[in-house]
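Participant: Got a structure for you, questions after.
The values are calculated or read from the model by the stated rules, or taken from the named source; none is laboratory data. Please read these numbers as outputs of a predicted model, since none were measured by experiment. All Cβ positions, even for glycine, are placed from backbone atoms using ideal geometry, and neighbour counts span all protein chains on display. Please note that ligands, DNA and RNA were not included when accessible areas were found on the heavy atoms of the full protein model with its side chains. Shrake-Rupley method; radii C 1.70, N 1.55, O 1.52, S 1.80 Å.
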Amino acid sequence: MNLRQKLLLMFSLTVVGLVVAVAWTVSVRVRHVFDGIDQQQTSALVNQFQREFNRRAEDTASALDRMAASDGLKQIAFELGNGGDAASYLQAALPLAQEYRLDYLELVAHDGSILSSFQWTARFGYREPAIAGAGQPAFLKQEELPDGTSQTGMFAVRTVAGSDPPLYVVGGRQIDASFLTDFPTPAGTHVYLYRNLTGSFDVQNFGAGAKTAGVTHFQPVVNEARNSGRNAGGVVYPTRQPVDSVDATAIPLKGLDGSVLAVLVVANSRRGVVEVQQHIRDVAFGVAGLGIIFAVLVSLWIAVRVSRPIEELARAAGEVAAGDWETRVDIYSLDEVGALARSFNNMTRQLTEQRDKLVQTERVAAWRELARRLAHELKNPLFPLQITVENMVRARRLPAKEFDEVFTESAATLQTEIANLKTIIGRFSDFSKMPKPQAIEMDAREAVWRVVKLYGPALEEKHIQVGTSIASEALPILGDSELLHRALSNLVLNAMDAMPGGGTLTISVARAGEVARIAIGDTGEGMTPEERERLFTPYYTTKQHGTGLGLAIVQAVISDHNGTIAVEGAEAGGTRFLIGLPLVQEEVDA
Ligand code: ADP
Ligand code: MG
């Protein structure tokens, strides 16, 4: 992953993370607020219902109060108390119920037996346990009907005024779906009445009108209210759409004995909060999308500002490493990247300057060495030449016979020394005419084998042991085997010179990365660091009859092969030369 991709990823993650965090926080806050509003609305509704419920209860109770105090009933009570026939009052409840607009009415004797029932005439003589609630406020009660069904009603029980023995009136009004229709409910709120008629939850108990509203989903809250006898609440999903969800509160309605007779369900639509949440989510997605586009643009911009120049610098550094010291980068800016580019350009300029200086110094040193050597070499034959010529001039005065003798002798000396001069000149011109290598593909190991074979006997004669280590795999290089042989020969000869009393010569060749590494080490006298520095200078020698050209030739050959040569002190105290020749890169099949 490059810098640009990393930046892009980082920006996108940051933006998306932030947007998600903000959207989540806002969404949670909004839900919190809406939940609060919902709760307020629901509890207001519950209170309202409670008031309405109480009003109904008071209405019923006051209707019964009025009835118990009515003259008609007082009359009946008086007659019954004075030996009247109970059977003759069988129909007495009917007009009274109509008069006081009651759905249920029973006249009950002091012993609890029904004298007259409006809702179920045939129940004459049956027991009515509800008279236990005589004089109490109105209460809820389940009422059995002749057709086998039952209804829930608001009841009150009163004793007829002045009756002795007491005569009771048990009357009430039905609590059903129509009871709920009177409720002023705000938009989005629905109220349902579940009558607790069956042991387990049954949709039928909501009454026929409620079926369409998906009331089945109220089962958990209704059951909780039924079982606990306390208000229960929760979010209910009638469909898969979150906008259709409602906040449901189930309120248990209890009878005289505390048992739950019905459950009132107040359902508040959550459409508002859900829509706001969805809106927030949509906005968050939009902002995140914009954020990602923004991140891409910013990272592209940063790429132009930072990563391009860095790539440019990396490319330039690569070129410097490959040997092109003239490389410069064209980055002009005032920031750190610009400073980096400027110091890079400075560095390459100083490098080239130093290299140029070094090359110059080396060149001067080489010329000095050459001049010194040339003077030295030429001085040797010149001195005998001069003496001889002087001898000949002096001999002219001698008798002819003696002069002839001196002349012949001198002529021979002159010729020898001239030949000497020719040899010297020949050597110098040889070095200047070092041929360019005729490179062909060859195995680096061959060159090593060849010198080992050639110098084996001579080394043995000088009590020098040879240790070779040659790679088992082929080491293909582009080389001129004659020139390489000459170079390796020079190194072996130098090693031999360095070990006049015998020693060990080690030659190895192996693959080292992308080069074939040839090492030639000896256990000879070794060199001081100063000597090591001058080693490759032409005509530098420490030997009486040395030419000082051997290592110069070696260096020329190796550098013509694009190789490297280095010298180091060997561990055993001698010297070690290391040559690296580039291997032919095997073509990789795509
Ligand atoms: P020459 O052999 O004619 O002296 P070279 O260029 O071959 O010239 O070597 C230059 C000098 O480097 C030698 O005179 C010698 O002092 C030193 N030298 C070269 N090889 C070795 C070696 N293996 N051990 C010690 N000194 C060496
Ligand atoms: Mg030599």
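Participant: For the range 71-90, how many residues meet the condition of being open to solvent by less than 70 Å² (accessible area, probe 1.4 Å) and touching a residue at least 12 places away in the same chain (Cβ under 8 Å)?
Facilitator: Residues flagged as open to solvent by less than 70 Å² (accessible area, probe 1.4 Å) and touching a residue at least 12 places away in the same chain (Cβ under 8 Å) within the range 71-90 amount to 10.
Participant: Out of 326, 312, I need the residue that is assigned to a loop (DSSP other than H, G, I, E, B), among the acidic types (Asp, Glu) and either under 25 Å from the mean Cα position of the chain (by Cα) or more than 30 Å from residue 39 (Cα to Cα) (or both). Which one?
Facilitator: Just one listed residue meets the conditions, 326.
Participant: For the range 539-553, which positions are of a type outside the set (Val, Ile, Thr) and within 12 Å of ligand 2 (Cβ to nearest atom)? Lay out the reasoning, then the answer.
Facilitator: Filtering the range 539-553 down to residues of a type outside the set (Val, Ile, Thr) leaves 539-540, 543-546, 548-552.
Across the range 539-553, the qualifying residues are 539, 540, 543, 545, 546, 548, 549, 550, 551, 552.
Participant: Provide a single number: the residues in the range 57-70 that are of a type outside the set (S, T, N, Q) and either within 60 Å of the chain's Cα centre (by Cα) or open to solvent by less than 50 Å² (accessible area, probe 1.4 Å) (or both). Even if it seems obvious, please write down each step before you answer.
Facilitator: Step one: of the range 57-70, the residues of a type outside the set (S, T, N, Q) are 57-59, 61, 63-69.
If we keep only those that are either within 60 Å of the chain's Cα centre (by Cα) or open to solvent by less than 50 Å² (accessible area, probe 1.4 Å) (or both) as well, we get 57, 61, 63-64, 67-68.
Selection size over the range 57-70: 6.
Participant: Here are 127, 158: which of them is in contact (Cβ under 8 Å) with a residue 12 or more places away in the chain, of a type in the set (Lys, Arg) and under 19 Å from residue 77 (Cβ atoms)?
Facilitator: Numbers: 127 fails: under 19 Å from residue 77 (Cβ atoms).
When all the criteria are applied, what remains is 158.
Participant: How many residues, within the range 521-554, are more than 6 Å from ligand 1 (Cβ to nearest atom) and at pLDDT 90 or above?
Facilitator: 3
Participant: Could you count how many residues in the range 93-124 are under 11 Å from residue 172 (Cβ atoms) and of a type in the set (A, V, I, L, M, F, W, C)?
Facilitator: The number of residues fulfilling the criteria is 4.
Participant: In the range 559-573, how many are touching a residue at least 60 places away in the same chain (Cβ under 8 Å) and either out of contact with any Lys or Arg (no Cβ under 8 Å at 6 or more places or on another chain) or within 16 Å of ligand 2 (Cβ to nearest atom) (or both)?
Facilitator: Summing the residues that are touching a residue at least 60 places away in the same chain (Cβ under 8 Å) and either out of contact with any Lys or Arg (no Cβ under 8 Å at 6 or more places or on another chain) or within 16 Å of ligand 2 (Cβ to nearest atom) (or both) in the range 559-573 gives 2.
Participant: Tally up the residues in the range 371-430 that are among the β-branched types (Val, Ile, Thr) and over 21 Å from residue 545 (Cα atoms), please.
Facilitator: So the answer is 6.
Participant: Residue by residue through the range 515-531, note down the ones that are under 58 Å from the mean Cα position of the chain (by Cα) and either aromatic (Phe, Trp, Tyr) or within 15 Å of ligand 2 (Cβ to nearest atom) (or both).
Facilitator: 520, 522
Participant: Out of all the residues in the range 465-501, which are in contact with a strand residue (DSSP E or B) (Cβ under 6 Å, 6 or more places away or on another chain) and within 16 Å of ligand 2 (Cβ to nearest atom)?
Facilitator: Correct list: 491, 495, 498, 499.
Participant: Tell me which residues, restricted to the range 549-558, are touching a residue at least 24 places away in the same chain (Cβ under 8 Å) and not in a loop (DSSP other than H, G, I, E, B).
Facilitator: Across the range 549-558, the qualifying residues are 550, 551, 552, 553, 554, 556, 557, 558.
This table checks each residue for (1) at positive phi; (2) modelled with pLDDT of 80 or more; (3) outside any helix (DSSP H, G or I); (4) among the polar types (S, T, N, Q).
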{"residue": "10", "(1), (2), (3), (4)": "no, yes, no, no"}
{"residue": "18", "(1), (2), (3), (4)": "no, yes, no, no"}
{"residue": "25", "(1), (2), (3), (4)": "no, yes, no, yes"}
{"residue": "37", "(1), (2), (3), (4)": "no, yes, no, no"}
{"residue": "42", "(1), (2), (3), (4)": "no, no, no, yes"}
{"residue": "57", "(1), (2), (3), (4)": "no, yes, no, no"}
{"residue": "62", "(1), (2), (3), (4)": "no, yes, no, yes"}
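Participant: Here are the criteria: (1) surrounded by fewer than 12 Cβ atoms within 10 Å (Cβ to Cβ); (2) without any contact (Cβ under 8 Å) to a residue 12 or more places away in the chain. Tell me which single one residue 436 does not satisfy.
Facilitator: Residue 436 satisfies every listed condition except (2).
Participant: Might you check whether a residue that is in a loop (DSSP other than H, G, I, E, B), under 30 Å from residue 433 (Cβ atoms) and open to solvent by 20 Å² or more (accessible area, probe 1.4 Å) occurs anywhere in the range 568-588? Even if it seems obvious, please write down each step before you answer.
Facilitator: Filtering the range 568-588 for residues in a loop (DSSP other than H, G, I, E, B) gives 570-574, 584-588.
Now narrow it down to the ones that are under 30 Å from residue 433 (Cβ atoms): 584.
The next check asks that each one be open to solvent by 20 Å² or more (accessible area, probe 1.4 Å); those that pass are 584.
The answer is yes, given that some residue of the range 568-588 is in a loop (DSSP other than H, G, I, E, B), under 30 Å from residue 433 (Cβ atoms) and open to solvent by 20 Å² or more (accessible area, probe 1.4 Å).
Participant: Please go through the range 496-520 and pick out each residue that is small (Gly, Ala, Ser) and within 9 Å of ligand 1 (Cβ to nearest atom). Before you say what the answer is, go through the steps one by one.
Facilitator: Residues of the range 496-520 small (Gly, Ala, Ser): 498, 501-503, 508, 510, 512-513, 516, 519.
Of everything in the range 496-520, just one residue is small (Gly, Ala, Ser) and within 9 Å of ligand 1 (Cβ to nearest atom), namely 498.
Participant: Given the options 488, 478, 484, name the one that is within 13 Å of ligand 1 (Cβ to nearest atom) and within 26 Å of residue 434 (Cα to Cα).
Facilitator: Just a single option satisfies the conditions, and that option is 488.
Participant: Find the residue count for the range 227-254, including only residues that are part of a loop (DSSP other than H, G, I, E, B), more than 30 Å from residue 281 (Cα to Cα) and touching a helix residue (DSSP H, G or I) at 6+ places or on another chain (Cβ under 7 Å).
Facilitator: Residues flagged as part of a loop (DSSP other than H, G, I, E, B), more than 30 Å from residue 281 (Cα to Cα) and touching a helix residue (DSSP H, G or I) at 6+ places or on another chain (Cβ under 7 Å) within the range 227-254 amount to 1.
Participant: OK, next. Just to be sure I understand the filter: pairs with C-beta atoms under 8 Å, separated by 6 or more residues or on different chains, first member in the range 537-548 and more than 16 Å from residue 431 (Cβ to Cβ) and in contact (Cβ under 8 Å) with a residue 12 or more places away in the chain, second member within 6 Å of ligand 1 (Cβ to nearest atom) and of a type in the set (A, V, I, L, M). Which pairs pass?
Facilitator: Cβ pairs passing all conditions: none.
Participant: When you scan the range 115-183 for strands (runs of 3 or more DSSP E) that lie fully inside it, which ones turn up with 3 or more residues that are buried (at least 21 other Cβ atoms within 10 Å of the Cβ)?
Facilitator: Here the list reads 150-159, 168-174.
Participant: Out of 186, 129, which single residue is closer than 23 Å to residue 263 by Cβ and of a type outside the set (Phe, Trp, Tyr)?
Facilitator: 186
Participant: Among (1) charged (D, E, K, R); (2) more than 27 Å from residue 358 (Cα to Cα); (3) in contact with a Phe, Trp or Tyr (Cβ under 8 Å, 6 or more places away or on another chain), where does residue 511 come up short?
Facilitator: In the conditions (1) charged (D, E, K, R); (2) more than 27 Å from residue 358 (Cα to Cα); (3) in contact with a Phe, Trp or Tyr (Cβ under 8 Å, 6 or more places away or on another chain), residue 511 misses (3) alone.
Participant: For the range 378-397: of the residues being polar (S, T, N, Q) and modelled with pLDDT of 85 or more, which is most open to solvent (accessible area, probe 1.4 Å)?
Facilitator: The extreme case among them is 386.
Participant: Could we say that residue 556 is within 30 Å of residue 472 (Cα to Cα), more than 16 Å from ligand 2 (Cβ to nearest atom), surrounded by 17 or more Cβ atoms within 10 Å (Cβ to Cβ) and not charged (D, E, K, R) here?
Facilitator: For residue 556, the condition - within 30 Å of residue 472 (Cα to Cα), more than 16 Å from ligand 2 (Cβ to nearest atom), surrounded by 17 or more Cβ atoms within 10 Å (Cβ to Cβ) and not charged (D, E, K, R) - is not met.
Participant: Right, something else. I'm trying to understand the selection: among the residues of the range 103-114, which are under 21 Å from residue 57 (Cβ atoms) and either in a strand (DSSP E or B) or within 60 Å of the chain's Cα centre (by Cα) (or both)?
Facilitator: 104, 105, 106, 108
Participant: Give just the number: which of (1) of a type outside the set (Ser, Thr, Tyr); (2) buried (at least 16 other Cβ atoms within 10 Å of the Cβ); (3) under 25 Å from residue 50 (Cα atoms) does residue 273 not satisfy?
Facilitator: (3)
Participant: For the range 327-334, indicate whether the set of residues that are under 30 Å from residue 239 (Cβ atoms), open to solvent by less than 50 Å² (accessible area, probe 1.4 Å) and touching a residue at least 12 places away in the same chain (Cβ under 8 Å) is non-empty.
Facilitator: Within the range 327-334, not a single residue is under 30 Å from residue 239 (Cβ atoms), open to solvent by less than 50 Å² (accessible area, probe 1.4 Å) and touching a residue at least 12 places away in the same chain (Cβ under 8 Å).
Participant: Can you give me the number of residues within the range 188-202 that are closer than 14 Å to residue 217 by Cβ and not in a loop (DSSP other than H, G, I, E, B)?
Facilitator: The total comes to 3.
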